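The values are calculated or read from the model by the stated rules, or taken from the named source; none is laboratory data. Only a predicted model underlies this, so the values are computations on that prediction, with no experimental measurement involved. Cβ sites come from the backbone with ideal geometry, for glycine too, and all protein chains shown count toward neighbours.
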There are 2 protein chains.
Amino acid sequence: ETFKHLISLKRHPDLQLLPMPSEEIKSLSLPVGWKCYRSPEGQKYYVNISTKETTWERPSRSTTRPKTSGSHQHSGNIYTRSIHAHTHCELTFLCFISLQINCVTFPVPASALEQQLLKPSEWSYCDYFWADKKDPQGATVSGFEVLLQKQLKGKQMQKEMAEFIRERIKIEEEYAKNLSKLSMFPMAAQEEGTLGEAWAQLKKSLADEAEVHLKFSSKLQSEVEKPLLTFRGDNFKKDMKKYDHHIADLRKQQVSRYAAVEKARKALADRQKDLEVKTQQLEIKLSNKTEEDIKKARRKSTQAGDDLMRCVDLYNQAQSKWFEEMVTTSLELERLEVERVETIQQLLRQYTTLRHETDMFNQSTLEPVDQLLQSVDPAKDRELWVKEHKTGDLRPVDMDI
Amino acid sequence: ETFKHLISLKRHPDLQLLPMPSEEIKSLSLPVGWKCYRSPEGQKYYVNISTKETTWERPSRSTTRPKTSGSHQHSGNIYTRSIHAHTHCELTFLCFISLQINCVTFPVPASALEQQLLKPSEWSYCDYFWADKKDPQGATVSGFEVLLQKQLKGKQMQKEMAEFIRERIKIEEEYAKNLSKLSMFPMAAQEEGTLGEAWAQLKKSLADEAEVHLKFSSKLQSEVEKPLLTFRGDNFKKDMKKYDHHIADLRKQQVSRYAAVEKARKALADRQKDLEVKTQQLEIKLSNKTEEDIKKARRKSTQAGDDLMRCVDLYNQAQSKWFEEMVTTSLELERLEVERVETIQQLLRQYTTLRHETDMFNQSTLEPVDQLLQSVDPAKDRELWVKEHKTGDLRPVDMDI
């Protein structure tokens, strides 16, 4: 029954809104169709599955009309709400108080309006992917498959970001290679004195820049690209497949059990028709023979009723299992997506941090150049050069005879 | 005479150490060999060029011994110093008070010690390149050629620096090209929500970086490379050639005038020998004939003396002209070298300034990325995505019979 999986959902820490669990109490001594439950308040109450009658008194074989008021005691719980809806339309066909789409049973709009989100104001995956949809090619896609596609796309994005960073790394490496190559070119190597020193340092600063960019690229590799690549290993896609198959299997089981229900419902209808026919025959002329037939027909009809109930039971169990897995798994996928976004945010922050560092380190490569440029001194350079190259400081004088 | 070019040097503002000029006063009435000058104090004095005698009294045809004290009045002036030196070694041969190297006349060490630098403590070109030197191949290289080579080397250094900057420009252009290309790659373009925005901005930031590096390269081109290339046009080498030829021509003239001096000195020697012979003949036996010969020989000897003096005069004029040009031009080359060093210093400073700017602008390309990374929000992204992709928020309920 629907609240069954609400119970099971209590296992999930994120969900608080659920009512206290009510548990079925097996009691075979009850008349056919009746079951006994403990209310959220712990009080026993009795439900006739087929007629949806509810009562506080233990029903005898001759069932009594329920106090509809009794049903109000359990309102605020989908199950009792649907009973409630029913008690107001006793004459409408049962199949109208809920509708099946692709073998999933949804409440009718009336009671749907009363349905509360499991995690209101959170836009949680577990609240918005219950229905199937048609993809552009007209194929049916389950809500869960939509969630899975988002996961796979996320993995793809992460992979592409890693590729992008890899390209950046290559660019940095080539830039660094060219800078250090140039810094070793011999150009103006013979410039002398303080100017020569400043020039040599300027050339050397290119090698320092190259160093900085190499460091940047290697840190990009170890602190951004690699984490982006390894963040979710190959297990990830396997896990997604597992989820996919698990949920799909549950849906299949639900479908087959739905078919069983339909079959049982038809059988019951036939049996009831047969019983009516026999009863009419009885009204026409009494005979032992007919008396016997009617007993037999009633027995078969009751049995068909029990069959249908068992099938519906099994169907609802299947649906509740699927429901449970849907909620649990979609909440897990939600967690994974939050984790992905936060991890990538962190890695991109690391990227900008490394870039900032690079600019700062680059600045520092210029300090020695600036210093030597400060102390460039033409007079000093002339002194050095003259001392090395002077030919003679003895000035000529006039010739004497 | 030496102080003549000291006079002319007074034109040069940089030179202060020179004595007041003394000017020759042409007076034809003086006996042969005598000249009249005005002393630094403006007092007239008389010098016998051939005997180096000096005196305050105007010499009559019958010359009188000079008060050597008179010479002291003019010390501190190369010219008079050389006289002074001479008055102390009347008996030594004249050729020993100065020595010729490659037809340039230098003072003997004794008086050299008294020689003061034109620009002491400045290591000025004009003080250290008077002598010639031999290059590794044993060829004679004048001091001035050494200075010229320095100039041409400087020009070459400047050209090579421009080439180096050009290479840097190319590297920056390629780096920028690669960055902007990468920033347009489609990788992870489908990332959604706030994370998608941050990622898109990160990719865009590469285009911004590319912009920064392009700006760097184009400023390098216009503010560093171009000025380095154009700083000294082709005229520069022409100018250097002009200087080279001009000074070389002056040296040539000096050489030819030196040869003329040697010739005249030999002629004088012959004449004096002839006069001696004649005089000895006279002592042996008196005769009118010999009396006449001696007069004639004395006249010819005096004439040869005058010749020699004129040649020495011309030689000294040539040397002083060369001296003058050497000082003026070397000071000009010195100025050019200071200018070159200071200009290059400025351009290299401009290089580091542009590099600093680049690092700063680079920082700014990250600001928008950092901001968007700040506002990455998994819940927001889930809301956006769920709103777009949700399949249905109606939860299933139990099937009723």
_Single match in A:Ser330, A:Ser364 (criterion: surrounded by 21 or more Cβ atoms within 10 Å (Cβ to Cβ) and more than 9 Å from every other protein chain (Cβ to nearest Cβ))_ = A:Ser330
*asked:* Within region A:128-146, does at least one residue satisfy the condition of being within 30 Å of B:Gly154 (Cα to Cα), buried (at least 17 other Cβ atoms within 10 Å of the Cβ) and not basic (Lys, Arg)?
replied: no
*Looking at region A:311-324, which of the residues that are more than 9 Å from chain B (Cβ to nearest Cβ) and crowded, with 19+ Cβ neighbours inside 10 Å is nearest to A:Leu147 (Cα to Cα)?*
A:Glu324
*asked:* Can you tell me which of (1) touching a His at 6+ places or on another chain (Cβ under 7 Å); (2) under 29 Å from A:Lys153 (Cβ atoms) is the one B:Ala207 doesn't meet?
replied: (1)
_Candidates A:Lys237, A:Lys285 - the one that is modelled with pLDDT under 95, under 34 Å from the mean Cα position of the chain (by Cα) and not small (Gly, Ala, Ser)_ = A:Lys237
*Considering each residue of region B:159-199, count those that are more than 7 Å from chain A (Cβ to nearest Cβ) and more than 21 Å from B:Leu372 (Cα to Cα), and give that number.*
12
*Only one of (1) of a type outside the set (Ser, Thr, Tyr); (2) within 7 Å of chain B (Cβ to nearest Cβ); (3) in contact (Cβ under 8 Å) with a residue 60 or more places away in the chain is not met by A:Leu148, so which one is it?*
(2)
*Say we look at region B:373-383 and pick out the residues that are assigned to a helix (DSSP H, G or I) and more than 7 Å from every other protein chain (Cβ to nearest Cβ); which of these is surrounded by the most Cβ atoms within 10 Å (Cβ to Cβ)?*
B:Lys380
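A quick yes/no check of all residues on (1) crowded, with 17+ Cβ neighbours inside 10 Å; (2) under 16 Å from B:Gln100 (Cβ atoms):
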| position | (1), (2) |
| --- | --- |
| B:Leu228 | yes, no |
| B:Arg232 | yes, no |
| B:Arg265 | yes, yes |
| B:Lys273 | no, no |
*For region B:129-144, what are the residues that are more than 8 Å from chain A (Cβ to nearest Cβ), more than 12 Å from B:Met326 (Cβ to Cβ) and in contact (Cβ under 8 Å) with a residue 12 or more places away in the chain?*
B:Thr140
*Which condition breaks for A:Glu337 when tested against (1) surrounded by 18 or more Cβ atoms within 10 Å (Cβ to Cβ); (2) acidic (Asp, Glu); (3) more than 9 Å from chain B (Cβ to nearest Cβ)?*
(3)
*Could you tell me whether any residue of region B:279-302 is part of a helix (DSSP H, G or I), within 14 Å of chain A (Cβ to nearest Cβ) and surrounded by 15 or more Cβ atoms within 10 Å (Cβ to Cβ)?*
yes
*asked:* Can you confirm whether B:Ser375 is among the small types (Gly, Ala, Ser) and within 18 Å of A:Glu342 (Cα to Cα)?
replied: yes
*Among the residues of region B:350-401, count how many are of a type in the set (A, V, I, L, M), in contact (Cβ under 8 Å) with a residue 24 or more places away in the chain and under 30 Å from A:Phe144 (Cα atoms).*
3
*Pick from B:Val397, B:Val386, B:Val369: which is more than 30 Å from A:Gln319 (Cα to Cα), surrounded by 16 or more Cβ atoms within 10 Å (Cβ to Cβ) and within 8 Å of another protein chain (Cβ to nearest Cβ)?*
B:Val369
_Candidate set: region B:234-258, residues that are of a type in the set (Ser, Thr, Tyr) and buried (at least 16 other Cβ atoms within 10 Å of the Cβ); chosen: the one nearest to B:Val312 (Cα to Cα)_ = B:Tyr258
